Amino acid sequence: MTYEEFASGTVRAVEGVGAVIMVVGALVALTCYVRDVLARAPEPYRRLRANLGRVILLGLEVLIIADIIRTIVVDQSLQSVGVLGLIVVIRIVLSFSLEVEIDGAWPWNGRRLKSTVRSSRSSPSAEG
């Protein structure tokens with residue numbers, strides 16, 4: 001087995017792991033959704049969307065690892081670097097949009113919103 005064959009096999013394995021993460025994660029998220037609906041939990045659809053978003057983000061991260069390995073080890077060309085750059089840009093846009101869907105705020109505003117919620121809960125309310 002040559003180095004290139006080993007690297008190509010590694011890339012295929014990492015891509016398989018990314019696909020399995022997304023498929024199994026989606027099944028788990030759907031199972032949790034059905035459980036929430038049957039238990040009449042609050043906002044089951046919102047939780048489903050958040051869980052699916054997290055699964056997609058994790059799967060995309062693993063698939064990016066496979067693309068990086070392919071570009072660095074297997075297909076060392078200017079074209080493959082350009083394709084990798086485009087994939088990374090698309091992933092960044094997807095990540096930001098999924099973060100907004102999950103958290104309801106841009107990632108850089110998340111801490112500010114959480115600290116505002118915490119401070120409003122801990123400060124005494126003005127009663128009139």
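The values are calculated or read from the model by the stated rules, or taken from the named source; none is laboratory data. Since the model is a prediction, treat every value here as computed from it, not as a measurement. As a convention, Cβ positions derive from the backbone with ideal geometry for all residues, glycine included, and neighbour counts pool all protein chains shown. To get the accessible areas, we keep the full protein, side chains included, count just its heavy atoms, and leave off ligands, DNA and RNA. Shrake-Rupley method; radii C 1.70, N 1.55, O 1.52, S 1.80 Å.
Identify all residues within the stretch 9-64 that are farther than 25 Å from V89 by Cβ and β-branched (V, I, T); write none if there are none.
V20, V23, V24, V28, T31, V34, V37
Here is a yes/no grid of residues against (1) open to solvent by less than 90 Å² (accessible area, probe 1.4 Å); (2) β-branched (V, I, T); (3) at pLDDT below 80; (4) within 30 Å of V14 (Cβ to Cβ):
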| site | (1), (2), (3), (4) |
| --- | --- |
| I69 | yes, yes, no, yes |
| S77 | yes, no, no, yes |
| L84 | yes, no, no, yes |
| W108 | no, no, yes, yes |
| R112 | no, no, yes, no |
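Residues that are of a type in the set (D, E, K, R), open to solvent by 50 Å² or more (accessible area, probe 1.4 Å), in contact (Cβ under 8 Å) with a residue 40 or more places away in the chain and part of a helix (DSSP H, G or I): does the stretch 16-37 have at least one?
no
Report whether or not R49 is open to solvent by 40 Å² or more (accessible area, probe 1.4 Å), within 18 Å of the chain's Cα centre (by Cα) and in contact (Cβ under 8 Å) with a residue 24 or more places away in the chain.
yes
Tell me which of these L58 doesn't satisfy, since it passes every other one: (1) farther than 19 Å from I102 by Cα; (2) at pLDDT 90 or above.
Evaluating L58 over (1) farther than 19 Å from I102 by Cα; (2) at pLDDT 90 or above leaves (1) as the failure.
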